[in-house]
Every structure is written in C-alpha cells, then in structure tokens.
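Engineer: Structure incoming, see below.
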Amino acid sequence: MSAPESDPNREDGREAPLPRSDALTLLASDSGAELLQAAGRPGTACELRDRSGIPLSTVYREAHKLVEAGLLEERVRVDAENGRHASVYERSVESLTVSITDEGVEVRPE
C-alpha cells in the first residue's frame, strides 16, 4: 500500500486535505466505514463483500466513491494462467485528522 505523498506546493510539506464533504459523508455511512475496515488488506470486491457482509452491488458503489475521495486505492490484478483481471482494493490511509478552524473544516490523511 502506498502512502499518500505530501503536496510539494504546500509550504508546510503536509498532504493536501481531502474533499471534506466526500470524506466525512463516506465515513459517516455504515457501509463506507465497514468497507474501509475490510480493506485493511488487499481484496477484490467479492473478498471485501465476504469480509464485511456488505452486498456486492454496494461494495462496488462505495468502493468507487472511496477511491474518488482518496481513501481507498484500486489496482488491477491479472491472473497469469487465464489472463482475467480483477480490481483489488486496499485502504490508502491509516488515519484521518479532522480540523475545525475559523477558516473551515479540513480532513487530512495521516
């Protein structure tokens, strides 16, 4: 699993914040939080379904949203024997910090 890189355009070298509405909304949903927990180690959608008990259609839908929000990483695994491929998902962050300041709310990966 690759850690998010720091943003070279930021003076403090910290990672750029995630889109707050996306990250917080996904974390607030039971399926989003359960899917992130299940993706602590790499797995296909079917494997994540088995680990989490979330319906497969919801796994695909939530995984797409989590990838877009930068909370989940998607890679393609190719079976050497038959050439079939499958997306493999893994959590891309271990923790998030939510900061509330006079300037607004930031969600930052740690």
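Engineer: What is the Rg over Rh value, at two decimals, for the stretch 20-109, using alpha-carbon atoms and the Kirkwood definition of Rh?
Structural biologist: Values: Rg = 14.5 Å, Rh = 13.7 Å.
Ratio of gyration radius to Kirkwood radius: 1.05.
Engineer: Please compute the contact order of the stretch 45-110 in relative form: average sequence separation of alpha-carbon pairs under 8 Å and at least six residues apart, divided by the residue count, as a percent.
Structural biologist: 21 percent
Read-outs: derived from the displayed coordinates by stated rules, not from any lab. Computed from a predicted model, the values in this text were never measured in an experiment.
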